[in-house]
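Here's the structure, in structure tokens; my notes come after.
The values are calculated or read from the model by the stated rules, or taken from the named source; none is laboratory data. Small disclaimer: the values here were computed from a predicted structure and weren't measured. Virtual Cβ from ideal backbone geometry, glycine too; neighbours counted across all protein chains shown.
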């Protein structure tokens, strides 16, 4: 790879040809603020927060898409650039329903009187993103306070038709990450932009409510939204209430996929929080029975293995445990429906398994997992009472003071002696990614290698179902 | 100074619907001549000797643009004509098309020959329905007569947005997407329509090419100002006695245009301001009437030749009222892609409105300056970058108009 020499803030650095200024800066520990940029998705340069001064250029250049070139001189923190960023933030804020700065407890909405640490301990305010909102973080960094404009906040109605994935267009900053993820990565093409100028907004297919749109409930738009414009409906109040109620017995299944996100939210080094500490923290808020998801994973994998054993060699084996994949198939590949074997998700298995804990009281089930579709799945299928993701778990802990990093490690309340996971390499938990090609692997069946493919996103699912599945013996689909 | 008709040479003399008329007037001879010349030599000639520069507003060297597309190795290349004439006060492209559609098509075919393109598109402003019909007929006639020689000329109606006149937005719109600008680089000459090398030129630029090929680059290069030679079409409008499209050599002065052809303003009135170049440009006053009408001279006085729109305003106008209109225009036409323009254009309109409603002048002026600072530097495309220019210019030249409003 050819190298390019350039200076950023007077510091001579070397970058690879084809890199953006942002990538080159990051590699050299130079911080450039971003808002619409999302690692792995091609930059759109919409928000104009990452603008930098490039000597010889008439205007500021967006660092997220501007490629480095030989001899380029970049300045990222000049007074003019900082002023432009702040002015842009003010413009964005003036058209954003600000639920976070209106503090009901201290009766102020002034940035100076709010201590970020205090905010993070409270969460009485309304926004589901408060504390880890990317816009809020930038506003604090740039001291955005009293706006010189009349606030336009509540122009649109909140779309809660799904009762799981909720859209509040009043908070949307039009970064289009959700549009890109929905269209380019997941190839669902539900969310798109409508109107122009100040009236521009993200709308589901043909402006319909989410429940009637092409949405397959994969939940990834929620994950990429930098603000609280798309969020998963929270049940933290219900969960805290249930945990303390004399009428209810609460059983929680805890998956270790929440740990990396929790570390990030608590601003800790990756790997700091241990699963046993989260068990402890859940005990602390009153949930008496916490079980690991390993048993559910084992039972689910057994179901999948049965299908594989029955079909392998006779017909293509296409398996999935995801209801979002099934929704996707319903919409785009209805003719393939008969060929796809749906086995229980861990959440399904847990819902059935939890009966074991039923005593005198009402049984309530909570699945704590960072699987993005879990919340919508719980709503649509009713397999568990609530699904809680890492962000909501963090907000519950923040509100109840149950910081897991300060807890002792505690064992799960029940364990099972399962054998090893069948077809572990294929059926173990795998993470969603932004790649366009499915993962290929070979598993041994009776000593012979069998060609497998795993789709890590719906775009890969589309690719496989359009015909590529024929190249493999076993195909696993995830949303 | 007399009008010199080069681009508009056939205007009024031929029937625009008749290809025979155009051929009788010497039409399509330039195309035949061009095809006898080596491609690279022809491009170099247009660049070096004729010094033809884009007539759309940016003044980029046409030959340089063509040689860019010529130099890229690709089997598929496109020629696109920007006929999305949306700049307020501009109507010269319409005049060309309505009078002589074939000269545009001939110019495009010469370009297609030079860069070896097999398909051309004319993206015509949607409201110009008559132009679209004329061009469709002209393209079909040219094909029937065998002039296109396998090159397909498509006429596409615009999607009704000002920003589609910006070349990358035009290409995005042509591809069927939302009319939004895209990143440069890559420039269209490298990756334009459908990612293929594409030359995008204004109607006036293409329409001038046949004459240059016909009469020679040196002849064209000797007319007008040395660095911006030839003629330029001006859309003269506003408070002048005679309005219309005038073609002048580029060494003519603004006074020749406004007083000579426009006949000046009404009796008993005087010129207050002239908006040169279109809605996103600043104002100049009577003092600058002797500036030559070429790119560099206009830039030197801080104005812009732009698309050739010349809007004359007399002293009966209040500039604050006027810029309220322009700022409303930009708020309406912003595509919404980048945050400073999406939110800033309407905040600018609000600030001007507030002044007109008797709001705090100093506060609003400070706000307008702040918006100008961020928008001119941070916006994605020229729409946002230039949206504040008329307001800031009016505030600088006619501060009394803003104060008067407050006191009234």
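Annotations for the structure displayed:
- Looking only at segment B:373-389, residues that are surrounded by fewer than 20 Cβ atoms within 10 Å (Cβ to Cβ) and more than 8 Å from every other protein chain (Cβ to nearest Cβ) come to 1 in all.
- So residue B:400, is it in a helix (DSSP H, G or I), within 12 Å of another protein chain (Cβ to nearest Cβ) and either modelled with pLDDT of 95 or more or over 22 Å from residue A:51 (Cβ atoms) (or both): no
Yes/no per residue for (1) assigned by TED's automatic domain parsing to the domain that holds residue A:463; (2) buried (at least 18 other Cβ atoms within 10 Å of the Cβ); (3) within 29 Å of residue A:355 (Cα to Cα):
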{"position": "A:272", "(1), (2), (3)": "no, no, no"}
{"position": "A:282", "(1), (2), (3)": "no, yes, yes"}
{"position": "A:287", "(1), (2), (3)": "no, yes, yes"}
{"position": "A:290", "(1), (2), (3)": "no, yes, yes"}
{"position": "A:300", "(1), (2), (3)": "no, yes, yes"}
{"position": "A:317", "(1), (2), (3)": "yes, yes, no"}
{"position": "A:321", "(1), (2), (3)": "yes, yes, yes"}
{"position": "A:324", "(1), (2), (3)": "yes, yes, yes"}
{"position": "A:327", "(1), (2), (3)": "yes, yes, yes"}
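- Residue check, residue A:180 within 24 Å of residue A:235 (Cα to Cα) and either touching a helix residue (DSSP H, G or I) at 6+ places or on another chain (Cβ under 9 Å) or within 11 Å of another protein chain (Cβ to nearest Cβ) (or both): no
- Residue B:304 being at pLDDT below 95, within 14 Å of chain A (Cβ to nearest Cβ) and touching a helix residue (DSSP H, G or I) at 6+ places or on another chain (Cβ under 8 Å): yes
- Qualifying residue in segment A:136-144 (condition: within 14 Å of chain B (Cβ to nearest Cβ), modelled with pLDDT of 90 or more, farther than 26 Å from residue A:59 by Cα and under 23 Å from the mean Cα position of the chain (by Cα)): no
- Looking only at segment B:170-181, and only at residues there that are more than 18 Å from residue B:65 (Cα to Cα) and in contact with a helix residue (DSSP H, G or I) (Cβ under 9 Å, 6 or more places away or on another chain), the one that is surrounded by the fewest Cβ atoms within 10 Å (Cβ to Cβ): B:175
- Subset of segment B:352-371 [within 24 Å of residue A:80 (Cα to Cα) and either surrounded by fewer than 24 Cβ atoms within 10 Å (Cβ to Cβ) or more than 9 Å from every other protein chain (Cβ to nearest Cβ) (or both)]: B:362, B:363, B:364, B:365, B:366, B:367, B:368, B:369, B:370
- When residue A:174 is tested against (1) more than 14 Å from every other protein chain (Cβ to nearest Cβ); (2) in contact with a strand residue (DSSP E or B) (Cβ under 9 Å, 6 or more places away or on another chain), only condition (1) is not met.
- Of all residues in segment B:253-281, those satisfying the criterion of being in contact (Cβ under 8 Å) with a residue 40 or more places away in the chain, touching a helix residue (DSSP H, G or I) at 6+ places or on another chain (Cβ under 8 Å) and buried (at least 21 other Cβ atoms within 10 Å of the Cβ) are B:254, B:271, B:272, B:273, B:275, B:277, B:279, B:280, B:281.
- Residue satisfying all of: in segment B:307-345; assigned to a helix (DSSP H, G or I), more than 18 Å from the chain's Cα centre (by Cα) and more than 14 Å from chain A (Cβ to nearest Cβ); surrounded by the most Cβ atoms within 10 Å (Cβ to Cβ) among these: B:323
- Restricted to helices (runs of 4 or more DSSP H) entirely inside segment B:36-146, those with at least 3 residues that are surrounded by 22 or more Cβ atoms within 10 Å (Cβ to Cβ) and at pLDDT 95 or above are B:62-71, B:92-99, B:101-115, B:129-144.
- Boolean, residue B:392 is modelled with pLDDT of 95 or more, away from chain A (no Cβ under 11 Å) and part of a helix (DSSP H, G or I): yes
- Yes/no for residue A:448 being surrounded by fewer than 20 Cβ atoms within 10 Å (Cβ to Cβ) and closer than 18 Å to residue A:254 by Cα: no
- Counting only residues that are in a helix (DSSP H, G or I) and within 15 Å of residue A:243 (Cα to Cα), segment A:268-312 holds 6 of them.
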